1. Counting just the residues of region 631-646 that are among the small types (Gly, Ala, Ser) and touching a Leu at 6+ places or on another chain (Cβ under 8 Å), which one comes out modelled with the highest pLDDT?
2. Residues to consider are Arg642, Arg671, Arg663; find the one that is open to solvent by 40 Å² or more (accessible area, probe 1.4 Å), over 33 Å from the mean Cα position of the chain (by Cα) and of a type in the set (Lys, Arg).
3. For region 431-448, give me each residue that is open to solvent by 20 Å² or more (accessible area, probe 1.4 Å) and either on the phi < 0 side of the Ramachandran plot or part of a helix (DSSP H, G or I) (or both).
4. Any chance region 272-281 includes a residue that's among the acidic types (Asp, Glu) and part of a helix (DSSP H, G or I)?
5. From the residues in region 554-592 that are open to solvent by 20 Å² or more (accessible area, probe 1.4 Å) and within 30 Å of Leu667 (Cβ to Cβ), which one is nearest to the chain's Cα centre (by Cα)?
6. Of everything in region 209-231, what is part of a helix (DSSP H, G or I), over 15 Å from Leu590 (Cα atoms) and in contact (Cβ under 8 Å) with a residue 24 or more places away in the chain? Give them in sequence order.
Amino acid sequence: MHGLTSAQVAEAKTNDVPRRSSRSLSAIIRANVFTLFNLVIGLLWALILIFGAWQDGMFGLIMVANVLIGVVQELRAKRTLDRLAVVGQSPVTVRRDGQDREIPPHQVVLGDLILLGPGDHLLVDGEVVASDGLEIDESLLTGEADPVHKRPGDRALSGSFAVAGTGAFRATAVGADAYAVRLAEEASRFHLAHSELRDGVARFIKYITWLVIPIGALLIYSQLRNAADFGAAITGAVAGIVTMIPEGLVLMTSIAFAVGVVRLGRRGCLVQELPAIEGLARVNVLCLDKTGTLTAGGMKLDRVLHLRDGLPVEDALASLAAADSRPNGTAKAIRASHPTAPWQPLDTVPFSSARKWSGADFGPHGTWLLGAPDILLAPGADGYDQAAELSATGARVLALCRTSDLSAPEHCAPAALITLEQRVRPDAEETLRYFAAQGVTVKVISGDSTAAVSAIATGLKIPGADRALDARTLPDDDPDRLAELLDSHTVFGRVTPQQKRRFVGALQARGHTVAMTGDGVNDVLALKDADLGIAMGAGSPATKAVAQVVLLDDRFATLPHLVGEGRRVLTNIERVSGLFLTKTFYAIVLSLATGVLGMMFPFTPRHSTLVNAVTIGLPALFLALAPAMDRARAGFVPRVLRLAVPAGVICAVAVLLAYGAARSGSLEQDRTSAVLALFLTTWWVLVLIARPLNRWRIALVGAMAALFAAALALPFVRDLFALRTGDPADGLTAVGISVVAAAAISIAVRLAGTLRP
């Protein structure tokens, strides 16, 4: 039990495991550079540079800019995540050179003697060498819910956590050799998958990729047949194919996620998985634990009420609190007022959230228990009714009992009631009002007495707090009835860890997206099963290990910012998706039409670069990062398609009509008419998508119109983009067609009901 020496530590293998909160610089660069779209665009760029004019290859510079922006934004997110991950790491207690010390997890070495207490997360594998009632929950690995009592010589696996008692184990496998790391090495790394938003974008990409191949082949064939020279044919074909590819959509999604992580990081929130940003927006039920969430951490001993005269209540309290080598908040409060322990225990039963009591055998001084009154006291026993009355005031009440058998708490005799003061967080009521206004239902789920939880919730004006339910009365074998009661009630007391997990599952079965907050070991299973697990920074290492979001500053008032950031990202990505996919669909229609009709494509790549920059690229960058508090709605993919398909088709028809109506006789002048129609119709789509039009959005769409007008007015820009104005009647015709098309797009959007006013 002396632990390793400093010399042994220097030579031992360290616990080097990649952080799941970020990926390496090389991985970030590979993910942003080596994509299917970049490959296609790179090949098309090379063709233009070989066979066409360099001005038509400007779309390649946009590809380079996209890569640079994506890498820079993700590096910013990586730095934020790495910094917060270090701050949020729970230290590991090891014994070295005979002394106990706390070290970061990555400094644990093979052979280290690691000390355990309730809530500690096992980061490496090992063999138990000491146990004082040590119980370890291995449910995250095995699925078995019951804690396992560990004795010296037993195996301890990484990924499990201590729930009761204390002990020590010697590390036998660290780093990538540890059991949990081998099981979940890939799943635990930084990733952007497993979200409806990204899955929807991926589906768009897959379908468009399959469409690009045959339509692109048809377009190439058509242009080769109708162009005067090979270079003009390649230029026309590339214009259609490049426009079909929504290359910026994935970039904008990644940027929005990454910026969300950075913003939340500034507020002390560690987002351990980027898809959690999206989950924040979809949450409609928030399950809260009272202790540590609605109430501030730490308690103060208030009163000790003797139920029988002549019993050494004060000595028993002091000795019980001192018998716990890893005291919880209750034991710490008792120790603060009773610092001297006169008795030494012969045997102990540590506190666990499942038992809701702890105890110790003090030999000649008797066996004493401390725990929940409604668990230790029988109805009608001394102090039972008094404990209920005290709990109804919001105080935390414990019963001190004496018994003859440490394993039979049901036969104990009441000796005293102990009340502890709990301080409600000053920001709790305002935060709860925010969730009520945002349509997020709050469920208070606590292991404390039902009366105490109800009193706290009533004081915070939580709807239905006066109808709190005792979880011991809830059905365990009727999921439908349980879900019905969860829907109709908001406050629950005496909830066991397994019930918390069942609560989350029952709510999810009703179609709810559930977020769970917690700070204690009893919250771990529910946090893991919830759609979004939120751990308090001062909570146990086990809760922080399984949660997707950690509130490092421990502030309950940070939760509205979490939900707000998630909704901002989701709303804005839906907006910019409409822009990018409108472009894709008008390009598909134009490519099919020119291929079937055997005509030259109505614009060149440089025209596409100009229009896309001022109606999609630049506006999307601003819109993707704009403030937004719209509630998340299901059906992202069909809603975006209901906007993009009709808008894209109408834009394409307007371009073809303007192109066909031009009578200048010059291909460049005819294409300029088509470009004018393309800009006006797609600019109107931007106006619709940017709604509601406040000052900065009006300025944004106005600035984009001004940029295009400048491109038409300035000779050198006009020459750069091959814009040739001819007969004024052609321009007026293009404008008239565009006005009609804009009206048709407005009607289609209104009928589809895809945009919010």
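1. Residues of region 631-646 among the small types (Gly, Ala, Ser): 632, 634-635, 644.
After this cut, where a residue has to be touching a Leu at 6+ places or on another chain (Cβ under 8 Å) as well, the list is 632, 644.
Values: Ala632: 65, Ala644: 89.
My answer is Ala644.
2. On the way: Arg642 fails: over 33 Å from the mean Cα position of the chain (by Cα); Arg671 fails: open to solvent by 40 Å² or more (accessible area, probe 1.4 Å).
Testing whether each residue is open to solvent by 40 Å² or more (accessible area, probe 1.4 Å), over 33 Å from the mean Cα position of the chain (by Cα) and of a type in the set (Lys, Arg) leaves just Arg663.
3. Arg433, Tyr434, Ala436, Ala437, Gln438, Thr441
4. Narrowing region 272-281 to residues among the acidic types (Asp, Glu): 273, 278.
Okay, now just the ones that are also part of a helix (DSSP H, G or I), so 278.
Yes, region 272-281 contains at least one residue that is among the acidic types (Asp, Glu) and part of a helix (DSSP H, G or I).
5. Per the stated criteria, the residue is Phe585.
6. Thr209, Arg225, Asn226, Phe230, Gly231
Conditions tested, residue by residue: (1) open to solvent by 30 Å² or more (accessible area, probe 1.4 Å); (2) at pLDDT 75 or above; (3) outside any loop (DSSP other than H, G, I, E, B).
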position: His2; (1), (2), (3): yes, yes, no
position: Ala27; (1), (2), (3): no, yes, yes
position: Leu43; (1), (2), (3): yes, yes, yes
position: Val64; (1), (2), (3): yes, yes, yes
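Yes/no per residue for (1) outside any helix (DSSP H, G or I); (2) open to solvent by less than 10 Å² (accessible area, probe 1.4 Å); (3) modelled with pLDDT of 90 or more:
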residue	(1), (2), (3)
Asp382	yes, no, yes
Leu400	yes, yes, yes
Ser407	yes, no, no
Glu410	no, no, no
Ala415	yes, yes, yes
Ile418	yes, yes, yes
Pro426	yes, no, no
Glu429	no, no, no
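The values are calculated or read from the model by the stated rules, or taken from the named source; none is laboratory data. Computed from a predicted model, the values in this text were never measured in an experiment. Backbone-built Cβ (ideal geometry, glycine too); neighbour counts: all protein chains shown. With ligands, DNA and RNA removed, areas are computed over all heavy atoms of the protein, side chains included. Shrake-Rupley method; radii C 1.70, N 1.55, O 1.52, S 1.80 Å.
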